[in-house]
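The values are calculated or read from the model by the stated rules, or taken from the named source; none is laboratory data. Since we're looking at a predicted model, the values are computed, not measured. Every residue, glycine among them, receives a Cβ derived from its backbone with ideal geometry; neighbour counts consider all protein chains shown. Surface accessibility is based on the protein's heavy atoms, side chains included, excluding ligands, DNA and RNA. Shrake-Rupley method; radii C 1.70, N 1.55, O 1.52, S 1.80 Å.
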Amino acid sequence: MKTRPSSLESVTCWRAKFMEAFFSHVLRGTIDVSSDRRLCDQRFSPLLHSSRHVRQLTICNMLQGATELVAEPNRRVLETLASSLHTLKFRHLLFSDVAAQQSLRQLLHQLIHHGAVSQVSLYSWPVPESALFILILTMSAGFWQPGPGGPPCRLCGEASRGRAPSRDEGSLLLGSRRPRRDAAERCAAALMASRRKSEAKQTARAAPATRVTRRSTQESLTAGGTDSKREPLPPATSHEAPGTKRPPSAPATTSSASASSSTSSSKRAPASSAPQPKPLKRFKRAAGKKGARTRQGCGAESEDLYDFVFIVAGEKEDGEEMEIGEVACGALDGSDPSCLGLPALEASQRFRSISTLELFTVPLSTEAALTLCHLLSSWVSLESLTLSYNGLGSNIFRLLDSLRALSVQAGCRLRALHLSDLFSPLPILELTRAIVRALPLLRVLSIRVDHPSQRDNPAVPGNAGPPSNVIGDEEIPENCLEQLEMGFPRGAQPAPLLCSVLKASGSLQQLSLDSATFASPQDFGLVLQTLKEYNLTLKRLSFHDMNLADCQSEVLFLLQNLTLQEITFSFCRLFEKRPAQFLPEMVAAMKGNSTLKGLRLPGNRLGNAGLLALADVFSEDSSSSLCQLDISSNCIKPDGLLEFAKRLERWGRGAFGHLRLFQNWLDQDAVTAREAIRRLRATCHVVSDSWDSSQAFADYVSTM
């Protein structure tokens with residue numbers, strides 16, 4: 001099947017892995033089952049036979065496979081998947097039609113609400129389709145209602161027999177009690193109102209397209225949306241029963257709510273609501289493209305690919321959406337609370353929801369970010385959240401508000417947060433402080449910002465206020481952090497801010513700093529002193545891509561720490577200055593440390609001389625218990641490695657564990673390298689590779 005598992009993946013059962021890959025290929029049609037008479041046997045179903053081994057399913061492009069899985073002949077396959085599947089992944093999604101989204105709705109309902117899926121991951125979606133993205137989010141959060149014309153769920157019918165009829169997603173989000181809305185919800189209301197008006201104008205000018213590309217947030221949340229040509233019914237009143245059924249011909253209350261909202265806001269704020277909001281360019285372009293594809297017919301597939309690749313170059317809508325949202329929010333600030341918006345979700349109406357949500361390279365528009373934040377505010381079953389390169393920008397403040405609201409919910413389980421982006425309106429240390437303050441029960445926090453940004457306006461419309469109100473200058477309360485990973489943009493970082501986070505994290509066991517730069521070695525020493533005084537349970541410490549050439553005394557201070565079990569100095573230029581004096585001091589510190597188990601030194605230009613100096617750590621007079629050593633990318637040659645192996649044999653040390661030798665110059669003398677590795681394998685487990693050292697010519701010249 002030409003399937004090669006990732007090197008990072010640990011395969012425990014190759015038979016199950018094969019059957020899982022076989023299931024995916026049969027489902028997508030990349031394996032021709034008609035070519036094998038055993039697979040064509042009518043008494044045998046390849047999908048059913050392999051479905052019980054599937055733990056992870058990936059849906060790609062135009063949602064291929066979703067329609068097949070929900071078809072009646074594959075009912076047993078779907079029932080088996082509901083009990084075996086744990087992870088659902090979406091990769092490289094494109095624009096989809098209504099039928100495919102309806103199939104996906106049924107599939108997610110079966111696998112998440114009535115199944116065992118606990119993780120949903122989205123990868124590489126440069127231009128997310130609003131309706132599809134919000135559908136996946138709301139279904140993952142536990143909401144569901146059959147789409148227009150869709151069959152009712154028999155499992156829901158059996159479970160809800162004898163109870164009052166449940167309300168659909170729109171009723172959940174537009175409840176009759178209408179609690180007070182915050183700024184983010186009012187902004188979402190304005191975006192939805194403007195989007196509906198633009199849709200109504202386009203519907204009046206042109207015939208409806210056969211394929212719907214994007215719908216508003218409200219239409220996606222309310223199962224089938226609303227028909228702009230019908231006359232809306234009055235909104236539900238507070239004395240109307242929540243589960244009251246409306247006639248089949250009656251549209252949802254969204255349109256009427258929009259009309260009343262527009263009337264109310266126009267009376268109260270005529271100046272700000274008089275201009276008609278411009279339709280979003282992203283929606284207009286997507287609709288135009290789809291209409292063009294419908295007319296062209298046979299060129300649809302090529303146009304889809306063109307859309308997917310080249311529409312990214314013209315993406316300027318996020319700023320315009322934010323502009324529209326801010327203007328509309330100003331118009332709605334003084335309006336009646338019953339104006340259109342997204343009230344607090346009622347957890348009692350939810351189905352089962354997932355515990356892990358991951359979004360990798362999925363740009364979030366203001367509308368999508370508002371929807372995500374609104375769902376997060378009461379998503380108590382969520383245990384791990386990953387937001388990687390989503391272009392949040394100023395929406396990070398809304399995310400902080402939703403996380404703060406989630407943390408005070410009874411039963412909140414969020415314990416791991418992974419956040420990375422190109423830019424952030426907040427400095428990374430201030431953002432870390434805000435997250436730790438908002439989620440005091442968080443156990444794992446990984447945060448990375450690649451570039452400092454001056455473009456993002458830190459002001460947040462509504463009640464969020466300026467950054468000082470969001471962040472606060474007071475001391476951080478004690479938290480439950482056990483693992484903290486931080487990737488810094490270029491520029492000196494204020495050591496006191498980092499120290500304040502470390503002081504409040506008394507349970508910290510693992511700390512990783514990537515590309516951190518401090519104004520002086522004294523600032524770095526202040527951080528290390530804080531670790532020694534306040535983080536007594538710290539076991540693993542990692543530094544990557546940091547210039548520690550002038551911090552040799554601080555490095556020695558770390559190596560003498562008797563609480564650390566593993567230290568990593570990756571590409572830290574340790575031996576760039578005074579190597580002849582620093583290496584003996586470093587070896588002496590390690591020989592007296594009996595608690596250090598692992599030392600990782602990749603990319604520090606250790607060379608043969610440095611490797612032979614490290615060999616003294618394993619001498620007879622050493623009390624070191626080092627069992628893992630990583631000396632990858634250190635300009636080590638075969639003769640130096642052979643001498644290192646001989647010294648270990650001479651001292652008679654037993655097997656000390658693992659030795660990593662990746663990307664060293666061992667190809668210069670293959671015979672000597674093989675002999676050195678053979679001798680080392682009698683002492684430790686050696687992990688190496690066949691690397692072409694000619695690529696490292698520049699590094700070689702710098703060490704001559």
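For ASP689, what charge total do you get from the other residues with a beta carbon under 11 Å from its beta carbon, if Lys and Arg give +1 and Asp and Glu give -1?
Once positives and negatives cancel, what remains is -1.
What number comes out for accessible area per residue over the range 370-443 if the probe is 1.4 Å? Units Å², please.
Ligands and nucleic acids excluded, the result is 28 Å² per residue.
I want to check the label-to-label distance for ARG15 and ASP667. Put each point 7 Å from Cα in the C-beta direction and report it in nm to one decimal.
A separation of 4.0 nm, rounded to one decimal place.
For the range 474-513, which whole percent of the accessible surface, found with a 1.4 angstrom probe, sits on carbon and sulfur atoms?
For the range 474-513, the apolar C and S fraction of the accessible surface comes to 46 percent.
Cα-Cα over 32 Å: which of LYS503/LYS637; LYS89/LYS539; LYS577/LYS637; LYS597/LYS637; LYS17/LYS539?
Violating the 32 Å limit, Cα to Cα: LYS503/LYS637; LYS89/LYS539; LYS17/LYS539.
What whole-number value in Å² describes the accessible area per residue of the range 651-690 for a 1.4 Å probe?
56
In the full protein assembly as shown, how much of LEU39 is accessible to a 1.4 Å probe, in Å² to the nearest 10?
Approximately 40 Å² of LEU39 is accessible to the 1.4 Å probe.
Would you pull out the residues with amide H under 5 Å of HIS418's amide H, same chain only if 5 or more places away, H placed 1.01 Å from N?
LEU385, THR386, LEU387, SER446
Please report, in debye to the nearest 20, how large the charge dipole of the range 493-638 is about its Cα centre when each Lys and Arg carries +1 at its beta carbon and each Asp and Glu carries -1 there.
Dipole size: approximately 140 debye.
Under a 5 Å amide H to amide H cut-off, with H placed in plane at 1.01 Å, what residues pair with THR58 once short-range neighbours are removed?
Under 5 Å from the amide H of THR58 lie the amide H atoms of LYS89, each far enough along the sequence or on another chain.
Given a 1.4 Å probe and the protein chains all in place, what does the accessible area of PHE644 round to, in Å² to the nearest 10?
My reading of the accessible area for PHE644 is about 0 Å².
By the scheme Lys and Arg +1, Asp and Glu -1, what is the net charge of all other residues having a beta-carbon under 10 Å from that of LEU387?
Net charge around LEU387: -2.
Which percent of the accessible heavy-atom area of the range 1-149 goes to carbon and sulfur, probe 1.4 angstrom?
Reported share for carbon and sulfur atoms: 51 percent.
Separation between the ASP621 and VAL687 pseudo-spin-labels, each 7 Å from Cα along Cα→Cβ, expressed in nm?
Rounded to a tenth, the inter-label distance reads 3.4 nm.
Add +1 for every Lys or Arg and -1 for every Asp or Glu among the other residues with Cβ under 15 Å from the Cβ of LEU442, and state the total.
+2
Ignoring solvent entirely, what values of log10 I(q)/I(0) come out of the Debye formula for the range 536-683 at 0.20 Å⁻¹ when each Cα is a single scatterer?
-1.34
Determine, from the Cβ-Cβ distance of LEU155 and GLN509 and an R0 of 56 Å, the FRET efficiency 1/(1 + (r/R0)^6), rounded to the nearest 0.05.
Computed FRET efficiency for LEU155 and GLN509 comes out at 0.85.
Provide the packing ranking of 536-543, 371-378, 115-122, 607-614, i.e. peptides ordered by the mean count of other C-beta atoms within 10 Å per residue, highest first.
Listed from highest to lowest mean packing, they are 371-378, 115-122, 607-614, 536-543.
Just to verify a number: FRET efficiency for HIS451 and GLU576, C-beta to C-beta distance, R0 = 22 Å, to 0.05?
0.25
Would you work out which of GLN560, ALA492, GLN509 lies farthest towards the positive end of the dipole of the range 463-610, given +1 charges on the beta-carbon of Lys and Arg and -1 on that of Asp and Glu, about the Cα centre?
Checked the options; the winner is GLN560.
How much accessible area does HIS49 have with a 1.4 Å probe, in Å² rounded to the nearest 10?
70
Restricting everything to alpha-carbon atoms, can you work out Rg to Rh for the range 583-655 with a Kirkwood hydrodynamic radius?
Ratio of gyration radius to Kirkwood radius: 0.93.
First measure r as the distance between the Cβ atoms of LYS89 and LYS539, then evaluate 1/(1 + (r/R0)^6) with R0 = 41 Å and state the FRET efficiency to the nearest 0.05.
0.80
Treat each spin label as a single point 7 Å out from the Cα along the C-beta direction, and report the GLU566 to SER34 distance in nm.
Taking the two extended label points, one gets 5.3 nm.
For ASN61 and ALA410, compute 0.36 nm times the residue count separating them, minus their Cα-Cα distance, and round to one decimal in nm.
Length gained between ASN61 and ALA410: 121.8 nm.
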